[in-house]
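Shown next, in structure tokens, is the structure this report addresses.
The values are calculated or read from the model by the stated rules, or taken from the named source; none is laboratory data. What you are looking at is a predicted structure, and each value in this text was computed from that prediction instead of being measured. A quick note on method: Cβ atoms are made from the backbone with ideal geometry, for glycine too, and the neighbour counts reach across all protein chains shown.
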Amino acid sequence: MADAGENRDVKERCPQVFVVDSKALGPPAARQVYGHHLSLIYLLLGVALLGVFIEAGLIYHLYGRLTAPSDRTIQKFEYIKAENDPLMNKSHENNEIPPVKLPEDVRKPAAFLQTEEHGALRWTKNIYPTFVSGLQLRNNSLYVQEDGFYYIFSKMSFLENCRLVKHQVMYITGRYSGTIELMKSSRYLCNNHKDQSMPERGNSYLGGIFNLVKGDCLFVQVNNLSLVYGEASENFFGAFKIN
């Protein structure tokens with residue numbers, strides 16, 4: 001009896017302590033579910049990181065293509081160096097823009113002509129920025145040297161003196177007989193201002209795409225040359241191959 005009392009006194013003075021194992025995850029089924037969830041999280045995280053790396057690589061590649069010029073672009077235009085060409089030095093002395101050499105693979109027939117003087121319909125290719133390449137200027141007309149589709153254009157400036165003005169682009173070809181009128185503008189220009197000493201000017205522009213063959217001839221025609229007015233840059237005629 002004494003022993004029993006002593007044991008009870010010891011228990012009251014020294015309460016029992018229970019230790020919980022923190023590493024225990026519960027029953028096997030719970031541990032298995034927890035492991036699956038953890039693997040899924042790792043998988044999703046890996047996919048997200050992979051997507052970030054792929055997107056960064058694509059952006060870097062696209063930026064490099066937009067900013068880095070290709071060799072073909074760099075070589076597209078080759079400017080004549082002044083120190084190697086005495087003609088270039090001369091053009092700089094006259095404040096002229098230096099000529100440009102185009103690579104053979106990008107050249108297409110083209111021409112841009114301007115009038116030589118006021119009141120005359122004589123085209124020239126000898127002043128900047130006029131030129132003829134792949135076409136032939138002969139008898140004040142352009143002759144086609146290569147089959148294809150061409151854009152043909154002409155702009156004229158006229159004095160307004162109450163007279164009818166006709167501006168035409170004409171065409172001669174071996175495929176048809178006679179002279180063909182490709183484009184025409186007809187206007188009646190009249191200066192209605194009181195001050196007749198300050199004549200006004202009217203403009204006419206023609207442009208269109210046509211299928212031409214080698215040997216075809218193009219020229220500009222107006223009904224009255226005395227009406228042609230303006231500087232060389234105001235009266236021009238040309239064509240260029242588009243296909």
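What to note about this one:
- Unmet criterion (only one of (1) at pLDDT below 80; (2) over 30 Å from residue 224 (Cα atoms)) for residue 148: (1)
- Condition check for residue 171: modelled with pLDDT of 95 or more, over 17 Å from residue 234 (Cβ atoms), buried (at least 17 other Cβ atoms within 10 Å of the Cβ) and among the hydroxyl-bearing types (Ser, Thr, Tyr): yes
- Restricting 230, 202 to residues that are under 23 Å from residue 127 (Cα atoms), at pLDDT below 90 and out of contact with any His (no Cβ under 6 Å at 6 or more places or on another chain) narrows the list to 230.
- Every pair of residues 6+ apart whose Cβ atoms lie under 6 Å, when the first sits in the stretch 155-184 and is under 12 Å from residue 219 (Cα atoms) while the second is small (Gly, Ala, Ser) and part of a strand (DSSP E or B): 167/185; 167/204; 169/154; 183/208
- Verdict on residue 171 being touching a Cys at 6+ places or on another chain (Cβ under 9 Å) and either assigned to a strand (DSSP E or B) or not assigned by TED's automatic domain parsing to the domain that holds residue 117 (or both): yes
- Considering residues of the stretch 140-168 that are of a type outside the set (Phe, Trp, Tyr) and touching a Cys at 6+ places or on another chain (Cβ under 9 Å) only, the residue surrounded by the most Cβ atoms within 10 Å (Cβ to Cβ): 142
- Neighbours by Cβ (under 8 Å, 6+ apart or cross-chain): first from the stretch 132-145, more than 11 Å from residue 112 (Cα to Cα); second among the basic types (Lys, Arg) and part of a strand (DSSP E or B): 134/241
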